[in-house]
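Everything below concerns the one structure shown next.
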Amino acid sequence: MQQRSPNVKITKLTEHIVKFVLRDTDPSVANALRRVIISEVPTMAIDVVEIEKNSSPLHDELIAHRLGLIPLRSETAHRKSYTRFCTCDGYCEQCAVEYHLYVKATDGPRDVTSRDLQKVMGDDAVMPVDNSQDPILIVKLATNQELKLKCVAKKGIGKEHAKWNPVEVVSMRYGANIKLNQPAIEDLTPERRAELFVKLALGCSFARLLTICVAHP
């Protein structure tokens, strides 16, 4: 059996989306690549939360869960150590990033968002994904309610927990690789040509060309 070398061609690359075409390989290889992207790429996520004061409507466990799902920029995650392999006692700058949050609604109701997290230890690059127009909501406070906590972001992979998933979704589909008999097509009426092209569009899932799309949160 002749050995094939997979070929990758990037068709779209933005800050949030990567789209590429994978040729000369089997669907099993493309699916394996999809699974690796979801579950094996290391990222940073909030893993430990210590709540000191919480008079908000949400229980401590719900706030900790919401904090864990805040996406953090993880371009430098590959330089971090896994906490379980680090030689420190607990956590340090080599394996974690520490944030503090303290908000009190003294002047009326107030939203607590990802913008309120203040880094106190660790890599400056590991911060919540910036969305200045619409920061990520953690909880809403009524007048005189407050929230004070400390949290620690650690390195992990999606196989351990979904909060370490590096992407929002990874999808794969077959692309069309169609060869037409041009002389035969020229003999068809316009109606028959239109019918033929509709059938080709619906039946292109049998092609051997694979397209994988990756979207970032």
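The values are calculated or read from the model by the stated rules, or taken from the named source; none is laboratory data. These numbers come from a predicted model, not from an experiment. Please note: Cβ atoms are built from the backbone with ideal geometry, for glycine as well, and neighbour counts cover all protein chains shown. Calculation scope for accessible area: heavy atoms of the full protein, side chains included, ligands and nucleic acids excluded. Shrake-Rupley method; radii C 1.70, N 1.55, O 1.52, S 1.80 Å.
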Worksheet, complete the sentence: Sparse-neighbourhood loop hits (GluC sites (Glu not before Pro), the stretch 113-188; DSSP loop; Cβ within 10 Å at most 16 others) -> Glu160, Glu168
Worksheet item: Can you list the residues, at least 5 places off or on another chain, whose amide H is less than 5 Å from the amide H of Ile136, using H built in the peptide plane?
Response: Ser114, Arg115
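Over the chain, give the accessible area per residue in Å² for a 1.4 Å probe, as an integer. Each step should come with its number before you reach the end.
Details: 13760 Å² over 217 residues.
In whole numbers, the chain has 63 Å² accessible per residue.
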Worksheet item: Tell me, what ³J(HN,Hα) does each residue in the stretch 146-153 have, in order and in whole Hz, if you take phi through Karplus 6.51 cos²θ - 1.76 cosθ + 1.60 with θ = phi - 60° and put x for Gly and Pro?
Response: 9, 9, 9, 7, 10, 9, 10, 8
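Tell me the relative contact order for the chain as a rounded percent, counting alpha carbon contacts under 8 Å between residues six or more apart. Don't skip to the answer; put the middle values down first.
Details: 411 pairs, mean separation 64.6, N = 217.
Value for the chain: 30 percent.
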Worksheet item: What fraction of the Cα pairs in the stretch 1-119, stated in percent, has a spacing above 17 angstrom?
Response: 72
Item to complete: Identify which of the listed values of Rg and Dmax of the Cα atoms in Å was calculated from the structure shown: (1) 17.7, 55; (2) 18.3, 59; (3) 24.6, 80.
Response: (3)
Worksheet entry | Amide hydrogen neighbours beyond the local backbone of Met121, cut-off 5 Å, H modeled | Glu98
Worksheet item: Which number do you get for Rg(Cα) / (2.2 N^0.38 Å) in the stretch 51-157?
Response: 1.13
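Pairs of Cα atoms under 8 Å, at least six residues apart: use those to get the relative contact order of the stretch 1-108, whole percent.
Numbers: 68 pairs, mean separation 17.0, N = 108.
Computed over the stretch 1-108, the figure is 16 percent.
Give the carbon-plus-sulfur fraction of the accessible surface of the stretch 6-117 in %, rounded to a whole number; probe 1.4 Å, heavy atoms of protein chains only.
On the way: 3450 of 6790 Å².
After summing per-atom areas, the C and S share lands at 51 percent.
Add -39500 (n - 2.57) for each DSSP H run of 4 or more in the chain, then divide by its residues: what number comes out at 222 nm, to the nearest 500 deg cm²/dmol? Could you put the intermediate results ahead of the total?
Values: 4 runs with 40 residues, N = 217.
Helix-only estimate at 222 nm: -5500 deg cm²/dmol.
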Worksheet entry | Mean-position separation - Cα centroids, the stretch 81-142 and the stretch 6-55, in angstrom | 23
